[in-house]
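Okay, structure first, notes after.
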């Protein structure tokens, strides 16, 4: 109900000229919209998780909207420098992608080049060098692929549990059991991949085909190097996509991530994105100690000169966000409307 009401309100504001008034205002000129994306489908990933993946053509229509709206798309570092110096151009936007899945290289980057839009790729590096599917994510995807079946965990982990995978809640419970078992047995990356292959076999999913298609794999070092050479800004997202609450472990995640990116690209990254948008106030001094210039969250909003550079808001753009809602964020007017938690 709230979504339909919001769409109707935005449609009225757009046709009545209010969008134009806001987007040309000094208020909007002093704010930066940071867009967040995760992946573009190589196959059916958007049907599995629409919050993380969208079809490539859908993403292209978003870029067309940005271009038609007359937004100024800036590299993240330049955008932040100009934000805090009060020198942003009209309707400033920065585009970011989290994680670094292969589909960024295959699908997103070519579209961004069509529009000559710069982008920042927040790269988590462990699975970039160990180039197999990300275990937790792949298991979730496999359970969805096998949603017409019943899973017998006894054949996988020795647990005598069975799950009818027809419901999302049952798939979630099965995933938690798989993760728990892998954690208790302290499986290494190779053992986790073997477990994922066993899971796929039980669910009659062709795991070799998923590997060949690079589904849910990250860009490898050669691809990262090629992206950096083409102008993509490669920045920090931790080494293992996790945020330990212990300072030394936290710093280790940052430094291993930074060193890996530096070895591949020759550049030293200094901008950071919190994995899964999870952050704690304890992280802020640790990030400062690590020389981090900015950190982006998944908190909704536009960044202003008053924004803490280590707690920058973004708009997580997903396919359920209608064109008028997306245009409302480009203009800035959506920031004034009530949002779901």
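The largest-to-smallest principal axis extents of the Cα set in the chain are 63, 45, 37 Å.
In summary, region 147-189 shows an alpha-carbon radius of gyration equal to 1.15 times the 2.2 N^0.38 Å reference for compact globular proteins.
Size of region 206-341 from its Cα atoms: along the principal axes, largest to smallest, the extents are 43, 43, 30 Å. Put the Cα centre of region 174-242 next to the Cα centre of region 78-109 and the gap is 25 Å. Subtracting the Cα-Cα distance of residue 44 and residue 168 from 0.36 nm times their residue separation leaves 43.0 nm of extension gain. Extension gain, residue 256 to residue 229, is 7.6 nm, computed as 0.36 nm per intervening residue step minus the present C-alpha separation.
Mean residue ellipticity at 222 nm, helices only, the chain: -13000 deg cm²/dmol; runs of at least 4 DSSP H residues each add -39,500 (n - 2.57), and the sum is divided by the number of residues.
Label sites at residue 68 and residue 82, each approximated as a point 7 angstrom past Cα along Cα to Cβ, lie 2.4 nm apart. Here the label points at residue 148 and residue 57, each 7 Å from Cα along the C-beta direction, are separated by 2.5 nm in the simple model. Structural descriptor for region 267-341: relative contact order 24 percent, calculated from alpha carbon pairs under 8 angstrom and at least 6 residues apart.
Be a star and scan region 42-59 for residues whose amide nitrogen sits under 12 Å from the point 7 Å along the Cα-to-Cβ vector of residue 115. Inside the label zone: 57-59.
Look at 184, 253 and count the other Cβ atoms within 10 Å of each Cβ; fewest to most, that gives 184, 253. Here the average projected area of the convex hull drawn through the C-alpha atoms of region 135-212 stands at 4.5 nm². Ranked by the mean number of other Cβ atoms within 10 Å of their residues, highest first, the peptides 239-248, 125-134, 141-150, 299-308 fall in the order 125-134, 141-150, 299-308, 239-248.
Going from the residue with the fewest nearby Cβ atoms within 10 Å to the one with the most, 136, 90 rank 90, 136. Seen against the Cα atoms of the chain and their longest principal axis, helix 135-145 is set at about 80 degrees. Extending 7 Å from Cα along the Cβ direction at residue 308 and again at residue 245 yields two label points whose distance is 1.7 nm. For residue 270 and residue 24, what is the calculated FRET efficiency with R₀ set at 35 Å and r taken between the beta-carbons, to the nearest 0.05? The computed FRET efficiency comes out at 0.60. Placing R0 at 45 angstrom, the Cβ-Cβ distance between residue 131 and residue 282 gives a FRET efficiency of 0.85 after rounding to 0.05. Fewest neighbouring Cβ atoms within 10 Å first, the residues 91, 225 line up as 225, 91. Were the residues from residue 263 through residue 184 laid out at 0.36 nm apart, the gain over their Cα-Cα distance would be 25.1 nm.
For the chain, the longest principal axis of the alpha carbon atoms and the long axis of helix 56-68 meet at an angle near 10°.
Every read-out reported here was derived from the displayed coordinates using simple, explicitly stated rules and does not represent laboratory data. Note that this is a predicted model, so its numbers are computed, not measured. Backbone-built Cβ (ideal geometry, glycine too); neighbour counts: all protein chains shown.
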